[in-house]
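*Asks:* One structure coming up, written as structure tokens, with questions to follow.
The values are calculated or read from the model by the stated rules, or taken from the named source; none is laboratory data. Predicted model only: the values in this text are computed from it and were never measured. No Cβ is skipped: glycine too gets one built from the backbone with ideal geometry, and neighbour counts run over all protein chains shown.
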Amino acid sequence: MALSAQPLQFGRPFRVGEIGQCPQLLVDGQSVASQSDVKTRHADGSVRFAVVSAVLPAVPASGGVTLSFADGPCNNDGALSAQQMLGAEYDFDAVVSLNDGAAGTASARALIAAGKYRLWTSGPVVTTAIVADHEGKSADIGVDGYKSVRPSFEVQFWPALKLTRTRVVMETTDTEKVQNQRYGVTITAGASSPQPVYSRADVEHLYMSRWTRTFWRGGEPAALNIDYNVAYLAATQAIPNYDASIRLSSTSKSSIVSAWQAAPKDIFEQGMWNPSMPTTGGRPDLGPYPKWMVAWLYDGSAELKEVALGQADLAGAWPMHLREGSAGKYVDRDKTEPALGQPVSGYARPTLAMLDLGYAYSDAADKVKVVGTTNRGAWVPDNAHQPQPFFIPYLLTGEHFYKEQLQFWSGFSLLDDSRGLYGLYCYSKNASKSHLGIGGQIRGIAWGMRMLGEAAWAVPQQEAGYRNYLHAAYEDVITRFEGTRGVVRGGNTSRADWQWANTAGDCHGGRLRDANPLRYWWEGLDGYGSNESVKRYDAPWQHSFLMYALSRGAELGLPAGALKDWFAPFFVRQVLDAGAVPYHLGDYTLPFVDAQTGALYQRWSDVAAEYADYTGASKWPPAASPNSNSTSSLDQGYGTAALVALAGTAGAPGSAEAWSRFGAGHYAAWGWERDPKWAILPRGIANVATKQGETTISTSSGSTTASAGTSTGTSSSSGTGTSTSSTTSTSPSASTEGTTSTVTVTPLPAGSLPSWVAAKPLFQWFQIPGTKLSASTAWQGYTPSRGGQKGILAYSGGTLKASGSELFIAGGGHADYAGNEVFSIALRSETPIWVRRNNPSAAPVLPETGTSHYPDGRPSSRHTYWTLQFNDSRNLLMFVGAPALWSKVANGTSEFDAFDPAKNDYLPAGTFPSQGGIGGVAQGIAKDAADNIYVHSTGGTMYRWDNATNTWTTLGNRGTYYYETPYAIDTRRNRMIRMPNGTLAGAVFDLNNNAAASTLTLTGSAAAAANGRGSLVYDPVSDAFWYWKRGDSTLYRIDAATFNTTAQSVTGTVPPNTVLNGFYYTYGRFAYVPELRGILYMRDADSDIFFVRTAS
């Protein structure tokens, strides 16, 4: 139906020189009362970005209205005063109450009355007040004396309509009181007769996180469809040069909307996010922007706006938010802008590691104050897989909340992990802490730089101190990389950070200023493998991400252009040089260092010569099914990323020819209407004609149009109603019987301990001399397989043979390592020695899809997680399932293989039966005293392999599986426990009753901390589980009878357990050793094995 008197507010960028004063809104060419709050201006003084507000007089039931802009006065007089905002005509208040007031209440009305607000939009159309006390902290509330929860309110007052819109924001971000909070929450709206608009009984508010709800008072406006005019937005360079000829397919739109409607979306629920950012593989959220954000950008419908903004709101759950709580800190390097109350600045705390708040190399003055539990649950952030949830929402809405989210996440991008900038990897190089940087993997540098650059573009010029800080930080990041590569830009060579990097070569590699004509970003990674011809490979797709980030920074007006031009030949010359094969731009790995010369390759023809029988060209479009060398997914096909990188070289020598010769034809064949996330053209290529900033509000396409839209589903930000959750319990099947098994603990014979064990007291960690795998003859005395040899530990574990206390390891898989060799070390010896029990089978060049067995019939390399289980009764090393086989796509199978250490060879395939469902990654696997093996699969089904009969039994669905959650079996009581992991509760499985499941409730002083990924073993002598939490060197003791959980006091050299990468994930390399009555811990190939005695 037709609409009248509709409030409308949106963000709008403009081209240089178009709007000198302020944009005045025209509706179908006629001037209407409007207001523009200019946030940034171009260098010539013209408007760069403004928040535009108006009340639309009418929107027809069909068709729409066209919005355009004229230059004129800004119309920012007439903002409401505090007295007017609190007047009877609005009856305004928003009150947040925790635990029915027992943990505090906060009132927006009281804060406004106290003057604790500032204006975001100002004028006669709408006054937007940002209501908070970040400096004085007077409204802070919480469940203890620290009051770690801070409320704030973003309130729009629409005088002509007598409407208010309130966004409530709750955060645990203060640097001086960091902790989780658990509470019940109620929000009411209205002053004279408050009405509940949101409640939830049990909220686990994660540390360094935010949640938000939004509601209207006086009537909620109708949903509008808005065609934002992609071509014009691209012309302003506020967004990449997206192809404006694309029309999003209705199938894709419906799929996104349906997925959102089905997704859990209350506070701290995941919506459509994968809350664990480090999870590998292409995903809809990765890339320039998430799939749903770009879909909304193109389509503009109310339904997709709901999805995009709902997802952006939920992204506040990631613990990536810190607000400065110390009065002695400053935003800028020169210490002129106080930091108190602002999102944390890198200059204020340059060595802070937000992923490891207790990191040893962080300066004491930079650390935050942790005052309680810091459990991130399932929400695990990292730069390497960081999405961009906020830029498009800010660009299209102009909302303060999304601007501030950009600030918070830019801080995380700089401070995620300081080990690569000033800490462990850089300490000896004397890097100056007065200049900032972004370290880590190339993809992490790319996405962190993207976030920092878009935040620097967005922050208003009215917030000059913070805006200048972001621009200075970006300059620091660029200069550091320029110095390493000898790139000269203006006066950068006179900067101390350029000179340092030009001499020291940064922290992760040597200088790349010389002998690098192909413009590799760095010298490659051992983890991607080597062979007799290629010493080191690396990932060209990560280079593609970085090229996008640099070109993005340059088009936003940031100082990335010189570095972008230095890097451009990596892409351009792979297309144009004689003998080069441009399809390698889309490979998973690319040769970097020549094994014959020990140097970076000097010609692309030499790189191409390293590929035998290369058929990748047939896998690029145009083809019937467009894909790339690694994946056909438009979410993250490596070919699509390579095309975006090639487009990003625009302006560099040879770029136009390279695009014409190679890029254009392949770009045209992708079918972008399904997912235009990567549909970015080179700057300078004609896009669809653009009219000056026009926007249409309607169901039609063309200019920016506003129309009456039909919104389906429930808005995640409506803030109404009470959140509830339901639990489904599964009863065990009555058709199968459990197998009861027990274990008897007998004392060791006197004097049977090796002296290196016997001489140590209980609970003293120490390293066993001579047990470093990489230094052993077994490791060095043969020719490894394809990939990096240390990839044998990538997402791979180990297992213990009880007799002889012998640790076995095997693994590799995916693109990490192709070898299927097995190593072992018997610890019940005076001088434990590593043994290589077999040599690797001949393995193929990394295939697209892996097979369970190599041509010689032996098992293919795979990630082993907990799949390695030693069967003591059969004296066999079992491989239970085959996840993440040697391949590009990391597929798995359900094969059940075994290795015979008596023969040092694998048993023939099929000796043990496969079982569908056991091939998933990082499943729950444990072995009982009778050598029966239990598998809790990714689908939730529990399987048992019966050792006596060599058969599988399906026990039924036993509830949710969660990636990398440890399981262990109490052999006294014959029950298996699963540790809690984030939002997944722990569980107890009764193995005497078909693994019937019940909830595990840990108690005791360390119960809250004992949660998450790690390793778990049962110690029958102590009758306790020992839990080794990833990223935490605390040894947790869980009483097997009562589940009382404590932190065990230890002495000696406590093993490092920091989270680095998948080569350090331990799984079964943390094992209980019955004969030695203690625990072994093998961290990696380059460290001696650690051991601690737990009983005499």
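*Asks:* Looking at the structure I just gave you, is V52 under 23 Å from A160 (Cβ atoms), in contact with a Pro (Cβ under 7 Å, 6 or more places away or on another chain) and surrounded by fewer than 21 Cβ atoms within 10 Å (Cβ to Cβ)? Lay out the reasoning, then the answer.
*Replies:* Working: under 23 Å from A160 (Cβ atoms): yes; in contact with a Pro (Cβ under 7 Å, 6 or more places away or on another chain): yes; surrounded by fewer than 21 Cβ atoms within 10 Å (Cβ to Cβ): no.
No: the conditions fail for V52.
*Asks:* Please tell me if R1037 is over 27 Å from the mean Cα position of the chain (by Cα) and basic (K, R).
*Replies:* On the way: over 27 Å from the mean Cα position of the chain (by Cα): yes; basic (K, R): yes.
Yes, satisfied.
*Asks:* When you go through (1) of a type outside the set (F, W, Y); (2) over 17 Å from G377 (Cβ atoms); (3) surrounded by 21 or more Cβ atoms within 10 Å (Cβ to Cβ) one by one for S1022, which number turns out not to apply?
*Replies:* S1022 satisfies all of (1) of a type outside the set (F, W, Y); (2) over 17 Å from G377 (Cβ atoms); (3) surrounded by 21 or more Cβ atoms within 10 Å (Cβ to Cβ) except (3).
*Asks:* Follow-up question, since we're still on this one. Tally time: how many residues in segment 817-838 are without any contact (Cβ under 8 Å) to a residue 40 or more places away in the chain and over 36 Å from the mean Cα position of the chain (by Cα)? Walk me through how you get there before you give the answer.
*Replies:* Of segment 817-838, the ones without any contact (Cβ under 8 Å) to a residue 40 or more places away in the chain are 821, 826.
Remaining after also requiring over 36 Å from the mean Cα position of the chain (by Cα): 826.
Summing the residues that are without any contact (Cβ under 8 Å) to a residue 40 or more places away in the chain and over 36 Å from the mean Cα position of the chain (by Cα) in segment 817-838 gives 1.
*Asks:* Please work out which one of (1) in contact with a Lys or Arg (Cβ under 8 Å, 6 or more places away or on another chain); (2) farther than 25 Å from L355 by Cα; (3) crowded, with 23+ Cβ neighbours inside 10 Å; (4) among the hydrophobic types (A, V, I, L, M, F, W, C) is the condition I1038 fails and give its number.
*Replies:* Answer for I1038: the failing condition is (1).
*Asks:* Condition (residue is under 24 Å from the mean Cα position of the chain (by Cα), within 21 Å of K564 (Cα to Cα), of a type outside the set (G, A, S) and modelled with pLDDT of 90 or more) applied to segment 462-471: is it met by at least one residue? Spell out how you get there, then give the answer.
*Replies:* Pass one, segment 462-471, residues under 24 Å from the mean Cα position of the chain (by Cα): 470.
Next, only the ones that are within 21 Å of K564 (Cα to Cα) stay: 470.
Next, from what is left, pick out any that are of a type outside the set (G, A, S): 470.
Still in the running and modelled with pLDDT of 90 or more: 470.
Yes: segment 462-471 contains one or more residues that are under 24 Å from the mean Cα position of the chain (by Cα), within 21 Å of K564 (Cα to Cα), of a type outside the set (G, A, S) and modelled with pLDDT of 90 or more.
*Asks:* Answer yes if at least one residue in segment 197-211 is within 24 Å of A114 (Cα to Cα), outside any strand (DSSP E or B) and not β-branched (V, I, T), and no otherwise.
*Replies:* Scanning segment 197-211 turns up no residue that is within 24 Å of A114 (Cα to Cα), outside any strand (DSSP E or B) and not β-branched (V, I, T).
*Asks:* Also, I was wondering about something else. List pairs: first residue in segment 463-479 and outside the structural domain of L556 (by TED's automatic domain parsing), second residue aromatic (F, W, Y) and in a helix (DSSP H, G or I) anywhere in the structure, Cβ distance under 6 angstrom, at least six positions apart or on different chains.
*Replies:* Final answer for the pair search is T479/W498.
*Asks:* I would also like to ask the following. Could you tell me whether any residue of segment 860-869 is buried (at least 22 other Cβ atoms within 10 Å of the Cβ), of a type in the set (K, R) and touching a residue at least 12 places away in the same chain (Cβ under 8 Å)?
*Replies:* yes
*Asks:* Then there's this: Does F1070 satisfy the condition of being touching a strand residue (DSSP E or B) at 6+ places or on another chain (Cβ under 6 Å) and surrounded by 23 or more Cβ atoms within 10 Å (Cβ to Cβ)? Give the derivation first.
*Replies:* Numbers: touching a strand residue (DSSP E or B) at 6+ places or on another chain (Cβ under 6 Å): yes; surrounded by 23 or more Cβ atoms within 10 Å (Cβ to Cβ): yes.
Judged against the criteria, F1070 is a match.
*Asks:* For segment 100-120, check the following and say yes or no: at least one residue is closer than 27 Å to F14 by Cβ and surrounded by 20 or more Cβ atoms within 10 Å (Cβ to Cβ).
*Replies:* Filtering segment 100-120 for residues closer than 27 Å to F14 by Cβ gives 118-120.
Within this subset, residues satisfying the condition of being surrounded by 20 or more Cβ atoms within 10 Å (Cβ to Cβ) are 120.
Within segment 100-120, one or more residues are closer than 27 Å to F14 by Cβ and surrounded by 20 or more Cβ atoms within 10 Å (Cβ to Cβ).
*Asks:* So, one more: Only one residue in I809, I792 is over 30 Å from Q1048 (Cα atoms) and among the hydrophobic types (A, V, I, L, M, F, W, C). Which one?
*Replies:* I792
*Asks:* Kindly evaluate Q602 against the criterion of being at pLDDT 90 or above and assigned to a loop (DSSP other than H, G, I, E, B).
*Replies:* Answer is yes for this residue.
*Asks:* Only one of K801, K790 is over 18 Å from V921 (Cα atoms) and at pLDDT 95 or above; which? Working first, answer last.
*Replies:* Details: K790 fails: at pLDDT 95 or above.
Sole residue among the options that is over 18 Å from V921 (Cα atoms) and at pLDDT 95 or above: K801.
*Asks:* Residues that are within 14 Å of F14 (Cα to Cα) and surrounded by 17 or more Cβ atoms within 10 Å (Cβ to Cβ): does segment 68-79 have at least one?
*Replies:* yes
*Asks:* I want to confirm something. Restricting to segment 938-970 and keeping residues that are surrounded by 23 or more Cβ atoms within 10 Å (Cβ to Cβ) and β-branched (V, I, T), which single residue is nearest to G924 (Cα to Cα)?
*Replies:* By that ranking, first place goes to T965.
*Asks:* Based on this model, can you work out whether S152 counts as in contact with a strand residue (DSSP E or B) (Cβ under 7 Å, 6 or more places away or on another chain), free of Cβ contacts under 8 Å to residues at least 40 places away in the same chain and closer than 25 Å to M354 by Cβ?
*Replies:* Details: in contact with a strand residue (DSSP E or B) (Cβ under 7 Å, 6 or more places away or on another chain): yes; free of Cβ contacts under 8 Å to residues at least 40 places away in the same chain: yes; closer than 25 Å to M354 by Cβ: yes.
When the stated conditions are applied, S152 passes them.
*Asks:* In segment 915-965, how many are outside any loop (DSSP other than H, G, I, E, B) and of a type in the set (S, T, N, Q)?
*Replies:* Here the count works out to 5.
*Asks:* Which pairs turn up if I take residues in segment 556-580 that are touching a residue at least 60 places away in the same chain (Cβ under 8 Å) and closer than 25 Å to L470 by Cβ and look for partners that are among the acidic types (D, E) and surrounded by 22 or more Cβ atoms within 10 Å (Cβ to Cβ) with beta carbon separation below 6 Å, at least 6 apart in sequence or on another chain?
*Replies:* These pairs meet every condition: L563/E482.
*Asks:* Which residue out of S873, S829, S887, S824 is at pLDDT 95 or above and either in a strand (DSSP E or B) or of a type outside the set (D, E) (or both)?
*Replies:* Working: S873 fails: at pLDDT 95 or above; S829 fails: at pLDDT 95 or above; S887 fails: at pLDDT 95 or above.
Exactly one of S873, S829, S887, S824 is at pLDDT 95 or above and either in a strand (DSSP E or B) or of a type outside the set (D, E) (or both), namely S824.
This table checks each residue for (1) farther than 24 Å from A1041 by Cβ; (2) in the same structural domain as T1066 (by TED's automatic domain parsing); (3) modelled with pLDDT of 95 or more.
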site	(1), (2), (3)
V921	yes, yes, no
W952	yes, yes, yes
T965	no, yes, no
M979	no, yes, yes
A985	no, yes, no
Y1018	no, yes, yes
A1024	no, yes, yes
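*Asks:* Can I ask one more? Could you please let me know if T911 is modelled with pLDDT of 95 or more and surrounded by fewer than 19 Cβ atoms within 10 Å (Cβ to Cβ)? Walk me through it before giving the result.
*Replies:* Values: modelled with pLDDT of 95 or more: yes; surrounded by fewer than 19 Cβ atoms within 10 Å (Cβ to Cβ): yes.
It is true that T911 is modelled with pLDDT of 95 or more and surrounded by fewer than 19 Cβ atoms within 10 Å (Cβ to Cβ).
*Asks:* If you go through segment 397-412 one residue at a time, do you hit one that is of a type in the set (K, R), part of a loop (DSSP other than H, G, I, E, B) and in contact (Cβ under 8 Å) with a residue 40 or more places away in the chain? Give the steps one after another, and end with the answer.
*Replies:* Looking only at segment 397-412, we keep the residues that are of a type in the set (K, R), and these are 403.
Narrowing further to those that are part of a loop (DSSP other than H, G, I, E, B): none.
Scanning segment 397-412, I find no residue that is of a type in the set (K, R), part of a loop (DSSP other than H, G, I, E, B) and in contact (Cβ under 8 Å) with a residue 40 or more places away in the chain, so the answer is no.
*Asks:* Inspect segment 326-339 for any residue being surrounded by 24 or more Cβ atoms within 10 Å (Cβ to Cβ) and of a type in the set (S, T, N, Q) and give the result as yes or no. Break it down stepwise before answering.
*Replies:* At the first step, the residues of segment 326-339 found to be surrounded by 24 or more Cβ atoms within 10 Å (Cβ to Cβ) are 331, 339.
This time we only want the ones that are of a type in the set (S, T, N, Q), so: none.
Checked segment 326-339: no residue is surrounded by 24 or more Cβ atoms within 10 Å (Cβ to Cβ) and of a type in the set (S, T, N, Q).
*Asks:* Can you tell me which of W318, W296 is modelled with pLDDT of 95 or more, under 30 Å from A650 (Cβ atoms) and crowded, with 24+ Cβ neighbours inside 10 Å?
*Replies:* Working: W318 fails: under 30 Å from A650 (Cβ atoms).
Sole residue among the options that is modelled with pLDDT of 95 or more, under 30 Å from A650 (Cβ atoms) and crowded, with 24+ Cβ neighbours inside 10 Å: W296.
*Asks:* For segment 300-324, enumerate the residues that are of a type in the set (G, A, S) and under 26 Å from the mean Cα position of the chain (by Cα). So that I can check it myself, show each step before the final result.
*Replies:* The first filter runs over segment 300-324 and keeps only residues of a type in the set (G, A, S), leaving 300-302, 308, 310, 312, 315-317.
A308, G310, A312, A315, G316, A317 - these are the residues of segment 300-324 that are of a type in the set (G, A, S) and under 26 Å from the mean Cα position of the chain (by Cα).
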